[in-house]
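A quick write-up on the structure given underneath.
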Amino acid sequence: AYIASLQPKTRPVPAPAPPPVKPAKEAPPKLSPEEEAFRERRRRAMDMVRKGRLEPLVTFWEKHGEALGGVDAKAEAWVDEGQGQTLLMTAAQAGQEDVVRWLLEAQRADPTVIYAIDATPVATDDDAEEKKPAPRGRTAYDLASTKGVRNIFRRLAHDHPDWYDWIGAGRVPSGLSEEREQEQDKKRTERRKGLKDKLKEREAKRVAEQEAAAPEPETVQPPPPPPSSARTGPQKLGGGKPN
């Protein structure tokens with residue numbers, strides 16, 4: 001025991017900790033053939049709307065529109081582009097005027113549907129502490145990317161004010177009659193013509209000022225003619241005097 005006590009004591013080396021076991025990723029659920037077909041049709045409808053392919057869209061929608069939830073159904077989260085939007089929102093954002101008109105007139109798509117962006121707590125009554133999230137978002141008119149698309153909403157708001165609450169819930173600023181639109185187009189054309197005329201006048205004035213400021217070119221005097229001989233008449237060769 002005494003000899004053993006003289007030996008240096010070695011500390012036991014701790015065994016390396018095993019690497020953490022990563023939880024196995026859950027495989028996505030396998031879709032049924034019906035679900036796969038539904039998703040493919042949803043993507044096709046959104047793609048045709050986005051690209052403005054109206055004729056094939058009309059035929060496709062007559063066959064599959066009801067099975068896809070109707071014209072006001074919002075795109076699911078698995079859609080590649082346009083999640084949470086209706087067909088009308090997607091068409092307005094893409095600037096597809098013919099598709100927007102068809103959806104509003106033929107399919108009676110609802111322009112008051114909100115495309116939710118986030119939820120902000122707002123007070124519901126006098127007690128500021130009692131709050132609930134209120135969705136904020138945009139309508140199809142808010143998403144319209146061109147003036148032509150916005151005018152379609154405004155014309156229908158003027159022609160069919162009883163269809164929806166265009167001005168309030170739809171956020172369409174005002175109705176637009178055909179006569180008023182033609183008047184606006186005429187004024188726009190006149191403004192463009194006046195702007196072109198002003199630009200032409202400004203350019204002509206600039207050219208005139210440049211020409212006035214340019215130095216006058218120096219006039220070059222022609223060289224004087226050589227002096228002519230004062231003696232006239234026939235001369236004899238040799239320069240001798242006549243007899």
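Computed values, structure above
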{"item": "Accessible-area order (highest first, 1.4 angstrom probe) of the listed residues ASP159, ASP110, ASP142", "result": "ASP159, ASP142, ASP110"}
{"item": "FRET E, pair ARG191, TRP163, Förster distance 41 Å, beta-carbon r, rounded to 0.05", "result": "0.80"}
{"item": "Stretch gain in nm, segment THR146-GLN107, where the contour uses 0.36 nm per residue and the Cα spacing is subtracted", "result": "11.9 nm"}
{"item": "In Å², nearest 10: area of LYS74 left accessible to a 1.4 Å probe", "result": "90 Å²"}
{"item": "Built amide H within the under 5 Å cut-off of GLY137, gap 5+", "result": "ILE117"}
{"item": "Separation of the GLU36 and ALA204 label points, Cα + 7 Å toward Cβ, nm", "result": "7.2 nm"}
{"item": "Sparsely packed GluC sites (Glu not before Pro) within the stretch 43-122, loop by DSSP, other Cβ within 10 Å at most 14", "result": "GLU66, GLU76, GLU81"}
{"item": "Exposure of THR139 as accessible area (Å², to 10), given a probe of 1.4 Å and all protein chains", "result": "0 Å²"}
{"item": "Listed pairs LYS22/LYS74; LYS51/LYS147; LYS51/LYS74; LYS30/LYS74; LYS51/LYS196 exceeding 26 Å between Cα atoms", "result": "LYS22/LYS74; LYS51/LYS196"}
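The values are calculated or read from the model by the stated rules, or taken from the named source; none is laboratory data. Model, not experiment: these values are computed from the prediction. Virtual Cβ from ideal backbone geometry, glycine too; neighbours counted across all protein chains shown. Quick note on the areas: whole protein, heavy atoms, side chains included, nothing else; ligands and nucleic acids left out. Shrake-Rupley method; radii C 1.70, N 1.55, O 1.52, S 1.80 Å.
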